[in-house]
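For reference, the structure is listed below as structure tokens.
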Amino acid sequence: VRSATSELLKRGIRPSPQRIKILECLMGSANHPTVDRIYTHLVSDLPTLSKSTIYNTLNRFVASGLVRPVMVDEGETRYDAAVEDHGHFKCESCGTIYDFHVEIDTWESDELAEFDITQRDVYFFGTCSDCLNKRDGAKK
Ligand SMILES: [Zn+2]
Ligand SMILES: [Zn+2]
């Protein structure tokens, strides 16, 4: 199990209480929270917290490779502490975002052979199995 404090120290980021809480929130949340969600989640514990602090902290985490942005929603960035390569499936019915394993690192393209790739994202959209089952159930 990764601890937020050791992850911060490993990347040379001073583990202030706010940074630890923000990273813990991401590490514990499976569903890719937005800045607003993180704020709502933490503000009772950290009354001095502001959304711009969260935003700046997340930018720092992204720059250090601790967190990756997930741009599966138009105009709204979500954040993900699971930095190992995976794709995202967004259910257009319930809005849930699912992680799925995919070997993005092994995908190659001759056209990009001379390019420096810094981020690889895979986004799928559709209807999740829960919603499909509910829909089928409603028909019966
Ligand atoms: Zn769904
Ligand atoms: Zn993810």
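The values are calculated or read from the model by the stated rules, or taken from the named source; none is laboratory data. Because the structure is a prediction, the values reported are computed rather than measured. Note that each Cβ is placed from the backbone with ideal geometry, even for glycine, and that neighbours are counted across all protein chains shown. Calculation scope for accessible area: heavy atoms of the full protein, side chains included, ligands and nucleic acids excluded. Shrake-Rupley method; radii C 1.70, N 1.55, O 1.52, S 1.80 Å.
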* In this structure, is I97 modelled with pLDDT of 90 or more and more than 16 Å from ligand 1 (Cβ to nearest atom)? -> no
* To do: Please find, within region 116-135, the residue that is farthest from S64 (Cα to Cα) out of those that are open to solvent by less than 80 Å² (accessible area, probe 1.4 Å) and free of Cβ contacts under 8 Å to residues at least 40 places away in the same chain.
  => L132
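Within region 81-110, restricting attention to residues that are farther than 19 Å from V62 by Cα and in a strand (DSSP E or B), which residue is most open to solvent (accessible area, probe 1.4 Å)?
From region 81-110, those farther than 19 Å from V62 by Cα are 89-98, 100-103, 106-110; that's our starting set.
Among the residues that remain, those that are also in a strand (DSSP E or B) are: 89-91, 97-98, 100-101.
Numbers: F89: 45, K90: 44, C91: 1, I97: 8, Y98: 80, F100: 53, H101: 142 Å².
Out of the qualifying residues, it is H101.
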* Structure fact -> Among residues of region 22-34 being assigned to a helix (DSSP H, G or I) and touching a residue at least 12 places away in the same chain (Cβ under 8 Å), the residue surrounded by the most Cβ atoms within 10 Å (Cβ to Cβ) is I22
* To do: Have a look at R11, R37, R19 and point out the one that is basic (K, R), within 28 Å of T127 (Cβ to Cβ) and open to solvent by 30 Å² or more (accessible area, probe 1.4 Å).
  => R37
* Out of curiosity, is E108 under 13 Å from V122 (Cα atoms) and out of contact with any strand residue (DSSP E or B) (no Cβ under 8 Å at 6 or more places or on another chain)? -> no
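Can you tell which of P69, P15 is more than 16 Å from ligand 1 (Cβ to nearest atom) and either on the phi > 0 side of the Ramachandran plot or in a strand (DSSP E or B) (or both)?
Values: P15 fails: either on the phi > 0 side of the Ramachandran plot or in a strand (DSSP E or B) (or both).
So the residue among P69, P15 that is more than 16 Å from ligand 1 (Cβ to nearest atom) and either on the phi > 0 side of the Ramachandran plot or in a strand (DSSP E or B) (or both) is P69.
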* Structure fact -> When region 63-80 is checked residue by residue, the ones that are at pLDDT 90 or above, open to solvent by less than 50 Å² (accessible area, probe 1.4 Å) and among the hydrophobic types (A, V, I, L, M, F, W, C) are L66, V67, V70
